[in-house]
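The values are calculated or read from the model by the stated rules, or taken from the named source; none is laboratory data. All figures in this text were calculated on a predicted structure; none of them were measured in a lab. Here Cβ is always computed from backbone atoms with ideal geometry, including for glycine, and neighbour counts include all displayed protein chains.
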């Protein structure tokens with residue numbers, strides 16, 4: 001395999017705890033021949049209240065608009081700063097929240 005072979009797991013807001021992440025990575029490598037995996041929870045940042053789990057366009061505490069962060073080509077950036085094509089790709093991503101919970105069970 002080359003560095004171009006990677007499984008991107010977009011978790012939405014349901015990122016498992018540390019032990020769950022360890023188990024997920026272990027099972028991916030035990031059950032596949034993939035050499036690389038990324039686990040990408042999406043999160044939002046409120047200017048006043050900080051970190052918020054998942055894709056929240058507005059802060060649930062104060063209602064202010066937030067910045068939504070996700071991974072793009074290996075690093076986290078605010079989605080609003082992505083080019084139009086990458087923003088569209090973000091909106092079309094399949095999130096694995098429930099399937100991951102089944103794998104970890």
Could you please give the count of residues in the range 67-88 that are under 14 Å from residue 42 (Cα atoms) and more than 13 Å from the chain's Cα centre (by Cα)?
3
Do you know which residues across the range 72-85 are at pLDDT below 90 and more than 21 Å from residue 51 (Cα to Cα)?
73
Are any of the residues in the range 12-20 more than 20 Å from residue 79 (Cβ to Cβ), surrounded by fewer than 16 Cβ atoms within 10 Å (Cβ to Cβ) and modelled with pLDDT of 90 or more?
no
Check off (1) assigned to a loop (DSSP other than H, G, I, E, B); (2) at pLDDT below 85; (3) surrounded by 17 or more Cβ atoms within 10 Å (Cβ to Cβ) for residue 94 and give me the number that stays unchecked.
(3)
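I'd like the residue in the range 25-51 that is part of a loop (DSSP other than H, G, I, E, B) and within 18 Å of the chain's Cα centre (by Cα) and, out of all such residues, is surrounded by the most Cβ atoms within 10 Å (Cβ to Cβ). Let's see the steps before the verdict.
Filtering the range 25-51 for residues part of a loop (DSSP other than H, G, I, E, B) gives 32-36, 42, 47-49.
Narrowing the set further to residues that are within 18 Å of the chain's Cα centre (by Cα) leaves 36, 42.
Details: 36: 14, 42: 23.
In this case the residue turns out to be 42.
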For the range 52-81, the count of residues that are within 30 Å of residue 22 (Cβ to Cβ) and either crowded, with 17+ Cβ neighbours inside 10 Å or in contact with a strand residue (DSSP E or B) (Cβ under 9 Å, 6 or more places away or on another chain) (or both) equals 18
Sole miss for residue 88 among (1) in contact with a strand residue (DSSP E or B) (Cβ under 8 Å, 6 or more places away or on another chain); (2) farther than 24 Å from residue 24 by Cβ; (3) not in a loop (DSSP other than H, G, I, E, B) is condition (1)
Scan the range 67-94 and report the pairs whose first residue is at negative phi and touching a residue at least 24 places away in the same chain (Cβ under 8 Å) and whose second residue is loosely packed, with under 14 Cβ neighbours inside 10 Å and part of a strand (DSSP E or B), with Cβ atoms within less than 7 Å and a gap of 6+ or a chain change.
69/76; 70/76; 71/38
